[in-house]
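Every number here is computed from the coordinates shown, using simple stated rules; none is lab data. Just so we're clear, the structure is a prediction, and the values are computed from it rather than from any experiment. So basically every Cβ, Gly included, is an ideal-geometry build from the backbone, and we count neighbours across all protein chains shown.
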Amino acid sequence: MTRRGVLTAGAAGAVAGGVPVSTSAERREMATMPVRFEVNGKRRELALDPRTTLLDALREHLHLTGTKKGCDHGQCGACTVLVNGVRINSCLSLVVQHQDDKVTTIEGLGTPEKLHPMQAAFVRHDGYQCGYCTPGQICSAVAVLDEIKRGVPSHVQADVTKTARPTNVELRERMSGNICRCGAYSNIAEAMAEVAGAKA
Amino acid sequence: MRSFTYERAADPVTAARAVAQRQGAKFIAGGTNLLDLMKIEIETPTHLVDVQDLGFDRIEATEDGGLRIGALVTNTDLAADKRVRRDYAVLTRAIVAGASGQLRNKATTAGNLLQRTRCPYFYDPSMPCNKRRPGSGCGAIGGYSRQLAVIGGSDKCIATNPSDMAVAMRLLDAKVETIDPQGATRTIPIADFHRLPGDTPHIETALEPGELITAVTLPKPIGGRHVYEKVRDRASYAFAIVSVAAVIAKDGSGRIAAGGLAHKPWRVEAADTALPQGAKAAATALLAGAQPTPDNAFKLPLVERTIAAALDTARSA
Amino acid sequence: MKFDTPAGTNPIDRMKVVGKPIDRIDGPLKTSGTAPYAYEHHREAPDAAYGYVVGATIAKGRVRSIDLDAARQSPGVIAIVTAAEAGKLGQGNFNTAKLLGGPDVDHYHQALAVVVAETFEQARAAAGLVRIDYARGDGRFDLDKELKTAPLHGGNSDEGSESGPEHRTGKFEAAFDAAPVKLDATYTTPDQSHAMMEPFASIAAWKGDELQLWTSNQMIAWGHSDLAKTLNIPKDKIRFMSPYVGGGFGGKLFLRADAVLAALGAKGAGRPVKLAMQRPLIANNTTHRPATRQRIRIGCEADGTITAIAHESGSGDLPGGEPETAVNQTELLYAGANRLTAMRLAVLDLPEGNAMRAPGEAPGMMALEIAIDEMAEKLGMDPVAFRIKNDTQVDPMKPERRFSERNLIRCLEDGAKRFGWSKRNATPGQMRDGRWLVGMGVAAAFRNHLALTSGARVRLGQDGRVTVETDMTDIGTGSYTIIAQTAAEMMGVPVDRVVVKLGDSSFPRSAGSGGQFGAGSATSGVYAACVTLREAVAQKLGFNATDAVFDDGKVRAGNRSVALADAAREGELVAEDKIEWGDLGKKFQQSTFGAHFVEVGVDAFTGVTRVRRMLAVCAAGRILNPKSARSQVIGAMTMGVGGALMEELAVDKRFGLFINHDLAGYEVPVHADIPHQEVVFLDEADATVSPMKAKGIGELGLCGVGAAVANAIYNATGVRVRDYPITLEKHLDQLPAYA
């Protein structure tokens, strides 16, 4: 990649000539933009094509392939990560929008040798099969318990002025943005209930 | 996705100017719909102006007892706001009935109002679609139209507006506040914000080029039981086939608005008037002039039954 | 090892490791995001360029011209390969349509080009600049229309389900005419999409004329040979690897465009290429489960004895394709002297129809098991009792052939008791819970056992560790774990002393994953290799192999006991063998059975259905790992709910495509759709099937689920819907008034 850092984010008008350069020369140049953020507690600096999503930055540039690309359109949840503690679909976010953000991926939750309690509960309850949606499910599961604790309301609450409890129906509704085609849902709910119970 | 340049705007007028001055420029906030569409080149902005630093992320009380919701307040934060949950529960209910937790964390109030249709013919760039490519025809008419509009459509377009939040906003008579590149502000009643397709289905809102939404305001609370009934095949993370937002007083009077029926949230004054006579009367008024397709004619009886469900929920709440 | 007589007692029968619900051994990798899937081998292919697929935007016709100029000029583009650049390609044995189309276009989104660029973003943008001029041809897209003139056609699902064009036993028509109680009903099932979470993805890297391919494929051997055939190169020049598969469900049984295009793109670019098919292309580019139109006729005596049963099914596929073998199960599930099954195949120009989980059986049982429910009601019989009454312990078409094990009755009875079936009101539309109309439904589950030749290599290392190598895949089924359990049991070591390496064409050829033949076949292959290794160990340690007991990390006979690792002290011991099958599968009808019980609520206002309770009772031979086997069943039950309530590829008959071609348009169940699911396994071990005495479960769990849901909906509403998926509009106008 060349022209690294030519484009800078900032006030309007600071961007000029940002259309990627096309030449017939064998060396093709690409306009990049710098981004600085923190991933799993580590400071990272990248200079990337502005079209790069947070998901592709993680997978293709930082080689954190635990975050999965299932649909790339916000329709499956496999790319779920935590940004500043909040879960989002990393496929529907440009990495340049994440300047100074703190990103936590599945790799930041735990390692095979030292699993996060939610990861361990997924293993115990067989809350996965093919494993492809699993990192997204686990990131979501961790976030869902936090959202319940923070009093975020849900569709299945009878009274939205109240704070929800982590019941089976609440967990299932809140996890519904993470599709598992293998159909591990019943087990995932049990893994989450165990972690929620242990916390309570 | 075509290439674009990107900037992060520091104040609203500069942001509006940046978009107005440049052919093909667009605002980006949450990006959950825009990026989705850019990936399949349905949206092809040449320049993105990121508005996330503009500070429109607060919900404040207004002088007349309502709320002013910053354009950048996320769907989650809006739904979770204590005042909204207490006084505008239909809005909370509509928001949490839509999308997923992840999407609601990123999607913004203004972005939600601007999300585009989920018509499958719009979403396939090689199918005819007057909204995507004016003059190319409408693939949905005569095609697979189960999800699509039964009322307010045209022979050019039968797309539906997919937003749940907008249905509640319409019910609550919200107002959209904007600023233009000259710094002039205006207020657009939500009823006038979304347009019917007519001959120009690609023009979806009343916004002028470069005009930036800064806030959505809600008038003072109207009391009553707040209900949002959403009908869909799967239990969550799906767009509405039909939805009904309702606020019902103890005496059975109230107001209703519906989603999944038209190019905009559907509200008809006569339906509110008819509400005390029950679901059938309200549905008849709401659906006057409906022109469904064979695929979606079931939505007409479904609307009546969904209104009945809403009334039942309001009674038993 | 040839398995041609029923298994006697063998080391697996100890069940010290096999049969235990141990956690999956690949669990820590999968839950920590460190298991590498097809697109994630950046260590092995660090300089990979990115491929992006260009799909046809007509369903039928010809490419008049392709303009690549703008795409070639686009930044970062390294190579573009179309059929013209690729030269003459072969066609895989398992592919109906070409994986790289052009100039002829056989179906919508058939791949016509791959664009390779430095980055993903550049490849995607350049793909958008490829301009193709088409001459649109007339296509056949309307199944109902084409079936009117479609011929009878037998077929095979490639996964163990097959039926002839027409099978007759006795005199169906006469018996049906004479029957005092009759049912004649038509059922429809839609096209369905596998919708696995990991897209079709591959990384291809050439070294000279040798190709390494990391991909996502259920059947290494099939994919390997079909890739060689497609590229016209010898098989031994390709290493085909798929260590982790992010779901397949039959969609990844075969070589698909991602692998071919990655290989061609890498050749064109002169460097490794990685490619994942974009989600909006998958439904139309790849295969799907074909829609069916099924007619079922049943004639009964007044006491409920079936005297005549006929099941006819029609489906469509591209020219040269196969029918959906939906009548297969009806040949064997119930007794009845006079029988008819027949299939018709229409030619359609929609995308390729092919195997999806329980191909044939799943849609066939969706229809048959509603028909049985309808017939029971006509007879005034409980549907559980009606099924029990017509149970058969022999193949109804060849009564001399017995079922090796058939515990359908126990599944039904045990399930009925556990589920509280006696609380069901036989009169529909009577049970209510608030705004919900509540109903219960039952269906039999039935899927045949199938076994394929399967090999493995087993190594005993100097450290006493046992390593298994086989090209078997783990598509979420738990292969890693049950293979480890098998090797551990055979060699008398704990599971954590076993290393399992899968999904690599350099390993011995296995059965692969499909048709619920994977678990039984692959573990039997490992068993065979372990028997050979045990002999080598015994010989090395001076034991008589038949006397030696392998247990607790030791080899023991009489008073002598030696550490297993000692056998490898002078060097690793390696043994390889495969399991081959005799004719026990012909002598006996080997099948798996189950019963599905479902309770639904139907919203009395809107007609929307939600599942409230689910139970499956299964009899499928020895259960190798109850934890992972249970997951197979709950996953299948979940897919069954999708098929019953929401899944449908919507056909646009004008343009000839599945128009809802992404995961927002094609809805599959989400968490909120699925309640807690109960699964019970009957204690069974089938000695006729393999030394493991185990049969498959992954497809059994799906067979019948849709009908159980449909029957529960009928019980809730009193409205019979015979057209899947059962979305609200199919019964809304017949539901009771809402007030």
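A compact table of results
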| read-out | value |
| --- | --- |
| Normalised per residue, the volume of the convex hull around the Cα set of chain B (Å³) | 124 Å³ |
| Zero-based 5 Å bins, Cα pair distances in the range A:117-199, whole percents | 3, 17, 29, 25, 15, 8, 3, 0 |
| In Hz, Karplus ³J(HN,Hα) per residue of the range C:665-681 (6.51, -1.76, 1.60; θ = phi - 60°; x = Gly, Pro) | x, 9, 7, 10, x, 10, 3, 5, 7, 10, x, 4, 10, 9, 9, 10, 9 |
| B:Ala288 paired with C:Lys145, simple spin-label distance in nm, labels 7 Å along Cα-to-beta-carbon | 4.1 nm |
| Relative contact order (%) - chain C, alpha-carbon pairs under 8 angstrom, separation at least six | 17 percent |
| Integer Hz, Karplus 6.51/-1.76/1.60 couplings in order for the range C:464-478, x for Gly and Pro | x, 6, 9, 10, 10, 10, 7, 7, 3, 10, 10, 9, x, 7, x |
| Once the Cα gyration tensor of the protein assembly as shown is diagonalised, semi-axes √(5λ) in Å | 47, 38, 29 |
| Dipole of chain C, positive direction: furthest Cα of C:Gly621, C:Trp222, C:Ile388, with charges on the beta-carbon | C:Gly621 |
| Of B:Lys220/B:Lys299; C:Lys60/C:Lys653; C:Lys98/C:Lys267, those spanning more than 22 Å from alpha-carbon to alpha-carbon | B:Lys220/B:Lys299 |
| Max mean-square fluctuation residue, GNM over chain B, Cα-Cα springs under 10 Å, options B:Ala15, B:Ala71, B:Ala149 | B:Ala15 |
| Cα-centre dipole for the protein assembly as shown with unit charges at Cβ (Lys and Arg positive, Asp and Glu negative), debye to 20 | 1080 debye |
| Reach of C:Lys389 by Cα under 30 Å, taken over lysines that are not fewer than 8 positions away in the same chain | C:Lys171, C:Lys182, C:Lys378, C:Lys398, C:Lys417, C:Lys423, C:Lys586, C:Lys587, C:Lys693, C:Lys695 |
| Rounded Å value of the spacing that divides the Cα centres of the range B:204-239 and the range C:482-555 | 61 Å |
| Packing-based order for C:10-16, C:631-637, using average beta carbon neighbours within 10 Å, highest first | C:631-637, C:10-16 |
| Span-rule helices in chain B, defined as complete DSSP H runs reaching 20 Å or more along the axis (Cα) with Kyte mean at least 0.0 | B:299-316 |
| Built amide H within the under 5 Å cut-off of C:Ala557, gap 5+ | C:Val549 |
| Kyte-Doolittle mean at least 1.0 and Cα axial length at least 15 Å: DSSP H helices in chain C | C:257-269 |
| Qualifying lysines (Cα of each under 21 Å from Cα of B:Lys26; at least 8 residues distant if same chain) | B:Lys39, B:Lys106, B:Lys131 |
| Value at 222 nm in deg cm²/dmol, rounded to 500, when DSSP H runs of n ≥ 4 in chain C each add -39,500 (n - 2.57) | -7000 deg cm²/dmol |
| Estimated inter-spin distance, C:Asn544 and B:Thr62, nm [label 7 Å along Cα→Cβ] | 9.6 nm |
| Debye, to nearest 20: dipole size of chain C, +1 on Lys, Arg Cβ, -1 on Asp, Glu Cβ | 540 debye |
